[in-house]
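The values are calculated or read from the model by the stated rules, or taken from the named source; none is laboratory data. All figures in this text were calculated on a predicted structure; none of them were measured in a lab. Cβ coordinates were reconstructed from backbone atoms using ideal geometry, including for glycine residues, and neighbour counts include every protein chain displayed.
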Amino acid sequence: MEIMDLVNAWFERWENGEFMNLPISENFTHTSPYGTIEGKKAYLDLIVANINKFLGHRFEIHDVIYEENKACIRYTAKKGNFSLDVSEWHYVKEGKIDKVVAYYNIEGEISEDRKLSLPD
């Protein structure tokens, strides 16, 4: 898949609830203000443990910059009255998204309903 197709698939699959089919590598890492998750299994386990926090968003894409093996995406994630402005770098290796580095601001205390739970 080309980088543009991978980025589009990432957001489409999130919106459709198809997170188990994300185009990510086995060694996928995701870094955000919450920390870094290493490995596809660990990432998917975290999503399953927090499914109500991850699913149900729609994404308003504002800007995308594509290079050969990376892309930067600026978007707003919306779910009900929740809205979060995000900038992400997606890095591709061997036709899969290998790493995502997400930047967003978490102001003040994280409300209990937004906190992530670690999988068992």
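Tabulated data
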| item | result |
| --- | --- |
| Segment 67-82: number of residues that are small (Gly, Ala, Ser) and surrounded by 12 or more Cβ atoms within 10 Å (Cβ to Cβ) | 2 |
| Segment 57-82: number of residues that are farther than 29 Å from residue 94 by Cβ and of a type in the set (Asp, Glu) | 1 |
| When residues of segment 57-74 are limited to those that are free of Cβ contacts under 8 Å to residues at least 24 places away in the same chain and under 18 Å from residue 15 (Cβ atoms), the one nearest to the chain's Cα centre (by Cα) | 74 |
| Residue count, segment 66-75 (criterion: under 16 Å from residue 102 (Cβ atoms) and either at pLDDT below 95 or of a type in the set (Gly, Ala, Ser) (or both)) | 1 |
| Meets criteria (assigned to a loop (DSSP other than H, G, I, E, B), within 19 Å of residue 28 (Cα to Cα) and at pLDDT below 95) for residue 107 | no |
| Segment 42-56, residues that are in contact with a strand residue (DSSP E or B) (Cβ under 8 Å, 6 or more places away or on another chain) and at pLDDT 95 or above | 43 |
| Odd one out for residue 51 among (1) over 18 Å from residue 7 (Cβ atoms); (2) in contact (Cβ under 8 Å) with a residue 12 or more places away in the chain; (3) within 14 Å of the chain's Cα centre (by Cα) | (2) |
| In segment 76-104, the residues that are modelled with pLDDT under 95 and out of contact with any strand residue (DSSP E or B) (no Cβ under 8 Å at 6 or more places or on another chain) | 80, 81, 82 |
